[in-house]
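**Q** Have a look at this one before I ask anything.
The values are calculated or read from the model by the stated rules, or taken from the named source; none is laboratory data. Being a predicted model, the structure only gives us computed values, none of them experimental. In this analysis, Cβ positions are derived from the backbone assuming ideal geometry, glycine residues included, and neighbour counts consider all displayed protein chains. Protein only, heavy atoms only, side chains kept; ligands, DNA and RNA dropped before computing areas. Shrake-Rupley method; radii C 1.70, N 1.55, O 1.52, S 1.80 Å.
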Amino acid sequence: MQLVESGGGLVQPGGSLRLSCAASGSIFSIKVMAWYRQAPGKPRELVASIFSGGSTGYADSVKGRFTISRENAKNTVYLQMNNAKPEDTAVYYCYVQSHIILWGQGTQVTVSS
């Protein structure tokens, strides 16, 4: 069982980026899928989460700009990042909670002109 992330990269301030995270292997009853991020010198923080029933939660810093969604048939979670800001620069990690907890390997997002 593993998580494979994609979609990170360089984006200009005000631009958009979409991150994807696909869970593979024998995963049962995914309860929560989420995105965390960690900037240099800072602790890892929760960015957005989506529960099995579809409810979502966001950090105040990304509300109105980021959207989390999931595709249950593909065990995939997405993070649509709009109106990116330099302070969004970080390594973004996918998180999945089912009968076990899985973390992705991380994908770098850099917001810079």
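**Q** Could you work out the relative contact order of the chain, using alpha carbon pairs under 8 angstrom and six or more residues apart, expressed as a whole percent?
**A** With pairs under 8 Å counted, the relative contact order is 38 percent.
**Q** Suppose every K and R has +1 on its Cβ and every D and E has -1 on its Cβ; what is the size of the dipole of the chain about the Cα centre, in Debye to the nearest 20?
**A** 80 debye
**Q** Can you give me the three principal axis dimensions of the chain from its C-alpha atoms, in Å, biggest first?
**A** Sorted largest first, the three principal extents are 42, 24, 23 Å.
**Q** Enumerate the aspartates and glutamates that Lys31 could reach by cross-link, defined here as Cα to Cα under 18 Å, with residues fewer than 8 away along the same chain left out.
**A** Glu71
**Q** Give, in nm to one decimal, the length gained when the segment between Gln105 and Glu71 is fully stretched (0.36 nm per residue of separation minus the Cα-Cα distance).
**A** Working: separation 34, 0.36 × 34 = 12.24 nm, distance 2.00 nm.
Contour length minus Cα-Cα distance gives 10.2 nm.
**Q** Please calculate how many Å² of accessible area the stretch 4-102 carries per residue, with a 1.4 Å probe and no DNA, RNA or ligand atoms counted. Please report the intermediate quantities before stating the final value.
**A** Working: 4960 Å² over 99 residues.
The answer is 50 Å² per residue.
**Q** May I pose another question? Quick one: what are the phi-derived ³J(HN,Hα) couplings along the stretch 60-67, Karplus 6.51/-1.76/1.60 with θ = phi - 60°, whole Hz, x for glycine and proline?
**A** Rounded to whole hertz, the list is 4, 5, 10, 4, x, 10, 10, 9.
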